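The values are calculated or read from the model by the stated rules, or taken from the named source; none is laboratory data. What you see is a predicted model; the values in this text were computed from it and never measured. Because the Cβ atoms are built from the backbone with ideal geometry, glycine has one as well, and the counts that use them run over all protein chains shown. We work out accessible area using only protein heavy atoms, side chains counted, and drop any ligands, DNA or RNA first. Shrake-Rupley method; radii C 1.70, N 1.55, O 1.52, S 1.80 Å.
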Amino acid sequence: MLTGRRIVLGVSGGVAAYKAAYLARRLMEAGAKVRCVLTDAATEFVGAQTFAAITGEYPVVGFFDEADVSPHTTLGQWADAMIIAPATAATMAKLASGLSDNVLIGTALAAEAPLVVAPAMHTEMWSKPATQRNIAEIVADGAIVVGPAVGPLAGGDVGQGRMVEPEAIVAAVAAALTRELDGWRVLVTAGGTREAIDPVRYIGNRSSGKMGNAIAVEAASRGADVVLVTSAPPPAMAGVSVISVETAQEMAEATWAQAGDCDVAVMAAAVADFRPKNPEAAKLRRNEGLPAIDLEPTPDVLAGVAAMEPRPFLVGFAAETGSLDGALRKATSKDIDLLVGNDVAKTGSGFATDTNEVTVYTPDGSAETWPLLTKREVASRLWDRIIASYDRG
Ligand code: PMT
């Protein structure tokens, strides 16, 4: 899978550093040549000698204790790809701001190669606004972020923050090197639409755009040219161009204008099914009594794409509560290629969460349920599934 590829493995100082030794082994088994760069803190968890024994090369640990006068540029230029695993909160902060006060960050800055980052930290640290800002910057700068996963953490805690398993990192670096969506044009819809009742109020829903954003970012990190039609705050990422919309009508017009040029369309947006027929021009007043609001149907964005000839490979979503029977019905009746069903009433799934548990249906009714994953992991599996199912010709 990685035969002859030169991988720099950067290890920063967290307890998951022990898994980095196993990762180095898996990279070697996949045929890669591996060189490691460790922060001082990483050596508190795993000795440099361990990485030397696994890779056959003594790791770089400092700027100044090497025979090489410029170890970071030598390593950076050597790399076909770089991995930082585990990436601690401190390492991510330095990476986000380009603060190269250790040789790991110096190498990351000197490298032109794809960068895969596997965060690992406690849930509280992961969810802090500062960490989320840093991760957003890192993604915007083009890095591929895998995880963190939900599971046991240091000290017996459980939550999101666990470094993904080495096999997932090997797969991510292999995908980054093949950039299997190079040349693909992809459309993603995200967010919840807002349908005006009056200039102040609207009919809306709880969609945050996180699921659609993850799908867009994952596609761009695999090399796709992505158009994201969204009513939610978009990710800033190279390869993702954003069309901001508010209503179902605007989402329909933007989507239909773009879809004809796309290989794949993934419709993760929560589009209103009904809108007020005659939105008021002025704010409704309480003292004028209860308003009667007539509703009319909105355009079915997905159906419009399904009716195109030719049309992109089409992936729909279904937000259900309690049972996924409705998702199965949509999968078999909507003339689409895949349907992702989620129970939005289930804890950890659906609206505004960082995780999701989904079942993927094909039009013949067959179904595959995935465990609770981060939305980015759902996006990654979904793209694997799309690539396996879509014959691009
Ligand atoms: O954004 P997040 O907070 O991360 O939440 C993610 C999510 C719960 C919104 C997402 O996972 C999801 O389920 N999206 C689909 C929501 C939805 O509208 O489901 P639906 O079953 O009502 O619609 C079925 C499909 O038809 C969807 O692909 C939808 O985009 C599409 N649709 C619906 C109505 C309409 N007028 N036009 C459409 O295209």
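Descriptive notes on the structure:
- When 242, 226, 217 are checked against the criterion of being within 12 Å of the chain's Cα centre (by Cα) and either at pLDDT below 95 or within 24 Å of residue 132 (Cβ to Cβ) (or both), 217 stands alone in meeting it.
- Residue count for the range 332-347, restricted to those that are surrounded by 14 or more Cβ atoms within 10 Å (Cβ to Cβ) and either near the ligand (Cβ under 10 Å from one of its atoms) or free of Cβ contacts under 8 Å to residues at least 24 places away in the same chain (or both): 9
- Flag if residue 43 is modelled with pLDDT of 95 or more, touching a Gly at 6+ places or on another chain (Cβ under 9 Å) and hydroxyl-bearing (Ser, Thr, Tyr): yes
- Test set (1) surrounded by fewer than 22 Cβ atoms within 10 Å (Cβ to Cβ); (2) farther than 16 Å from residue 234 by Cα; (3) modelled with pLDDT under 90; (4) of a type in the set (A, V, I, L, M, F, W, C) - residue 140 fails condition number: (2)
- Residue 342 vs. criteria at pLDDT 95 or above, outside any loop (DSSP other than H, G, I, E, B), polar (S, T, N, Q) and farther than 30 Å from residue 128 by Cα: no
- The condition of being touching a residue at least 60 places away in the same chain (Cβ under 8 Å), outside the structural domain of residue 272 (by TED's automatic domain parsing) and within 16 Å of the ligand (Cβ to nearest atom) holds for only one of 132, 160, that being 160.
- The residue that is nearest to the ligand (Cβ to nearest atom), counting only those in the range 177-203 that are out of contact with any helix residue (DSSP H, G or I) (no Cβ under 7 Å at 6 or more places or on another chain) and open to solvent by less than 40 Å² (accessible area, probe 1.4 Å), is 192.
- Taken over the range 239-267, the criterion of being in contact with a helix residue (DSSP H, G or I) (Cβ under 7 Å, 6 or more places away or on another chain) and assigned to a loop (DSSP other than H, G, I, E, B) is satisfied by 239, 245.
- Count - residues of the range 99-127 that are of a type in the set (D, E, K, R) and without any contact (Cβ under 8 Å) to a residue 24 or more places away in the chain: 2
- Selection status of residue 191, under 21 Å from the mean Cα position of the chain (by Cα) and within 27 Å of residue 280 (Cα to Cα): yes
- Per the listing 303, 318, the residue uniquely surrounded by 17 or more Cβ atoms within 10 Å (Cβ to Cβ), in contact (Cβ under 8 Å) with a residue 24 or more places away in the chain and closer than 18 Å to residue 188 by Cα is 318.
- Whichever residue in the range 348-377 is within 11 Å of the ligand (Cβ to nearest atom) and part of a strand (DSSP E or B) and, among such residues, is most open to solvent (accessible area, probe 1.4 Å): 355
- Residues that are open to solvent by 30 Å² or more (accessible area, probe 1.4 Å) and either outside any helix (DSSP H, G or I) or in contact with a Cys (Cβ under 9 Å, 6 or more places away or on another chain) (or both) within the range 1-30 comprise 1, 3, 4, 5, 6, 15, listed in sequence order.
- Residue list for the range 277-300, restricted to those being within 21 Å of residue 248 (Cα to Cα), in contact (Cβ under 8 Å) with a residue 40 or more places away in the chain and either loosely packed, with under 13 Cβ neighbours inside 10 Å or outside the structural domain of residue 245 (by TED's automatic domain parsing) (or both): 281
- The listed residue being within 16 Å of the ligand (Cβ to nearest atom), touching a strand residue (DSSP E or B) at 6+ places or on another chain (Cβ under 9 Å) and among the aliphatic types (A, V, I, L, M), out of 265, 220: 265
- Condition met for residue 235 (away from the ligand (no atom under 15 Å from the Cβ) and open to solvent by less than 80 Å² (accessible area, probe 1.4 Å)): no
- Residue within the range 161-175 that is open to solvent by less than 60 Å² (accessible area, probe 1.4 Å), touching a Phe, Trp or Tyr at 6+ places or on another chain (Cβ under 8 Å) and assigned to a strand (DSSP E or B) present: yes
- Those residues of the range 33-55 which are in a strand (DSSP E or B) and open to solvent by 40 Å² or more (accessible area, probe 1.4 Å), in sequence order: 33, 35
- Evaluating residue 184 against the criteria (1) over 22 Å from residue 389 (Cα atoms); (2) in contact (Cβ under 8 Å) with a residue 60 or more places away in the chain; (3) in contact with a Gly (Cβ under 9 Å, 6 or more places away or on another chain); (4) among the hydrophobic types (A, V, I, L, M, F, W, C) leaves one unmet condition, (1).
- Residues located in the range 295-327, provided they are more than 23 Å from the chain's Cα centre (by Cα) and among the β-branched types (Val, Ile, Thr): 298, 301, 305, 321
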